[in-house]
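The values are calculated or read from the model by the stated rules, or taken from the named source; none is laboratory data. Everything quoted here is computed from the prediction, not taken from an experiment. A quick note on method: Cβ atoms are made from the backbone with ideal geometry, for glycine too, and the neighbour counts reach across all protein chains shown. Each accessible area value is taken on the protein alone, full model and side chains, heavy atoms only, with ligands, DNA and RNA left out. Shrake-Rupley method; radii C 1.70, N 1.55, O 1.52, S 1.80 Å.
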Amino acid sequence: MSRVYNFSAGPAVLPEEVLREAADEMLDYKGSGMSVMEMSHRSKVYDTIIKEAEQDLRDLMKIPDNYKVLFLQGGASQQFAMIPMNLMKNKKAGYIVTGQWAKKAFQEAQIYGEAVKLASSEDKTFSYIPDCSDLDIPDDLDYVYICENNTIYGTKYKKLPNTKGHLLVADVSSCFLSEPVDVSRYGIIYGGVQKNVGPAGVVIVIIREDLISEDVLPGTPTMLRYKTHADADSLYNTPPCYGIYICGKVFKWLKQMGGLEEIQKRNIEKAQILYDFLDQSQMFKGTVEKKDRSLMNVPFVTGDKELDAKFVAEAEKAGFVNLKGHRTVGGMRASIYNAMPKEGVEKLVAFMRDFEEKNK
Ligand SMILES: *Cc1c(COP(=O)(O)O)cnc(C)c1O
């Protein structure tokens, strides 16, 4: 068996320890005589799995008691609709458009009401986060929506926007559990887990309890009401059982390591290695404004498409895979999520240095 260094933006690298443990438990989970994939979601043994997963997540993120944790399906993209359906009481919400995912959410909201674009960085290919300290925010907005880490472009809010008293809703898909977070500043904080937390198929929604109500837009399907899932502790219907089980293992892996303060320290260290190299390289250049750089997704280019392609091909042969950038940015992107070991980043930088030397 040989594992590669996988820089995929998602689904992405998972901790090797977690994969090994899951493999050990594949045929017989803790004496149950069956795999977690095969057991009823109503069984006692599964109940322990989902309850422990929730408690570990609460411990890690220090989630206040007045927030519900929901394990749902439909990906982050389904939340683009679910959020307006459940929260757009005045039929008006504000969106800060910092990339494709924020834009998709903004466009989806227009189906349900008036979506106001409060700010955008599209003028410079989403290579920065706009100043959100004093935006012109209409009083009657139901919420202000952001995408906190822009997976495709590699930018991250270093400071949350000043919403002027309005509810903040954030998509944290690609920075979930990468650093400590003050949940109380958000009305909803949510993410698809396949970037930094687990396998595709689970989206975690952390929602303040007072936002969960029967008062939703007319026509909202039962399955798309937060109340349906909150009332049933995420077991209204069959949840993505196996995915939740793996997420639970990742939560324990993080707790054992020392929690979100520790993973943040490691993430800063890892990203620094790559950014320091980019800043002194004559060949490779980062594509975003330094002050807005993401710790998770690092896009870079050589400025020459053929050289980019050559780099990606040679890197792959050397065991550094999925480095091709998103089609809208071009070049390369290294996603260095929680589970990417520091050694992987060091080796990538050594490979880049060598490539630069040979292709001067
Ligand atoms: C990947 C991603 C999405 C889309 O997630 P799906 O689960 O595929 O719907 C949304 N937002 C962000 C920030 C992402 O990185």
- Query: In debye to the nearest 20, how big a dipole does the chain give about its Cα centre with +1 on each Lys and Arg Cβ and -1 on each Asp and Glu Cβ?
  - Reply: 500 debye
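Per-residue counts of other Cβ atoms within 10 Å, averaged by peptide: what ranking do you get for 189-197, 18-26, 153-161, highest first? Don't jump to the answer; show the numbers that get you there.
Numbers: 189-197: 25.7, 18-26: 13.6, 153-161: 21.1.
In descending order of packing, they fall as 189-197, 153-161, 18-26.
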- Query: Of 70, 211, 295, whose Cα points farthest to the positive end of the dipole of the chain (charges on the beta-carbon: +1 Lys, Arg; -1 Asp, Glu; origin at the Cα centre)?
  - Reply: 295
- Message: In whole Hz and in residue order, list the ³J(HN,Hα) couplings for region 206-220 that follow from phi through the Karplus curve 6.51 cos²θ - 1.76 cosθ + 1.60, θ = phi - 60°; x for Gly and Pro.
- Response: 10, 10, 5, 4, 5, 8, 9, 8, 6, 7, 10, 4, x, x, 5
- Where Cα atoms sit under 30 Å apart: lysine pairs in region 9-93 separated by 8 or more or lying on different chains: 12
- Between residue 162 and residue 357, what is the spin-label point distance in nm, taking each point 7 Å from the Cα along the Cα→C-beta axis? 5.0 nm
- Item | Gyration tensor (alpha-carbon) shape descriptor, the chain, a/c threshold 1.5 | oblate
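Just the accessible area per residue of the chain, please: how many Å² with a 1.4 Å probe? Can you show the working numbers first?
Numbers: 15920 Å² over 360 residues.
In whole numbers, the chain has 44 Å² accessible per residue.
Rounded if a/c is under 1.5, else prolate if a/b is larger than b/c, else oblate: which is region 247-360, with a ≥ b ≥ c the root eigenvalues of its Cα gyration tensor? Don't skip to the answer; put the middle values down first.
Numbers: a/c = 2.03, a/b = 1.84, b/c = 1.10.
Note, shape of region 247-360 comes out prolate.
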- Message: Could you identify which residue out of 110, 256, 272 has the top mean-square fluctuation in a GNM of the chain using Cα springs shorter than 10 Å?
- Response: 256
- Message: If packing is taken as the average number of other Cβ atoms within 10 Å across a peptide's residues, how do 241-254, 281-294, 303-316 rank, most packed first?
- Response: 241-254, 281-294, 303-316
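Measure up 103/358; 291/360; 158/310; 290/358; 117/270 against 32 Å on the Cα-Cα distance and list the ones that go over. Walk me through the numbers on the way to the answer.
Values: 103/358 40 Å; 291/360 29 Å; 158/310 34 Å; 290/358 28 Å; 117/270 34 Å.
Beyond 32 Å: 103/358; 158/310; 117/270.
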- Non-local residues with an amide H under 5 Å from the amide H of residue 333, with H modelled 1.01 Å from N and Pro and chain starts lacking one, are 300, 324, 325
- Message: Probe radius 1.4 Å, ligands and nucleic acids ignored: give me the carbon and sulfur share of the accessible area of region 139-281 as a rounded percent.
- Response: 48 percent
- Message: Under 5 Å between amide hydrogens, which residues at least 5 positions from residue 120 or on another chain qualify, with H placed 1.01 Å from N in the peptide plane?
- Response: 97
- Relative contact order %, the chain, counting alpha carbon pairs below 8 Å whose residues are six or more apart: 23 percent
- Note on the structure: Mean separation of Cα contacts under 8 Å (at least 6 apart) over the residue count of region 238-314, i.e. the relative contact order in percent, is 19 percent
- Distance between region 144-202 and region 18-86 - C-alpha centres, whole angstrom: 19 Å
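Remind me, relative contact order of region 162-272 in percent, using alpha carbon pairs under 8 angstrom and six or more residues apart?
Details: 115 pairs, mean separation 26.9, N = 111.
The normalised contact order for region 162-272 reaches 24 percent.
Assigning unit charges at the beta carbon (Lys, Arg +1; Asp, Glu -1) and nothing else, what dipole magnitude in debye, to the nearest 20, does region 37-87 show about its Cα centre? Before the final figure, lay out the partial values.
On the way: 6 positive and 7 negative charges, 29 e Å.
Roughly 140 debye for region 37-87.
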- Message: Please list 3J(HN,Hα) in residue order for region 306-311, calculated via the Karplus relation 6.51 cos²θ - 1.76 cosθ + 1.60 where θ = phi - 60°; whole Hz, with x for glycine and proline.
- Response: 5, 5, 4, 5, 5, 4
- Provide the per-residue ³J(HN,Hα) series for region 32-45, in order, calculated from phi with Karplus coefficients 6.51, -1.76, 1.60 and θ = phi - 60°, each as a whole number of Hz, with x at glycine and proline positions. 6, x, 8, 7, 4, 5, 9, 9, 5, 6, 9, 6, 4, 5
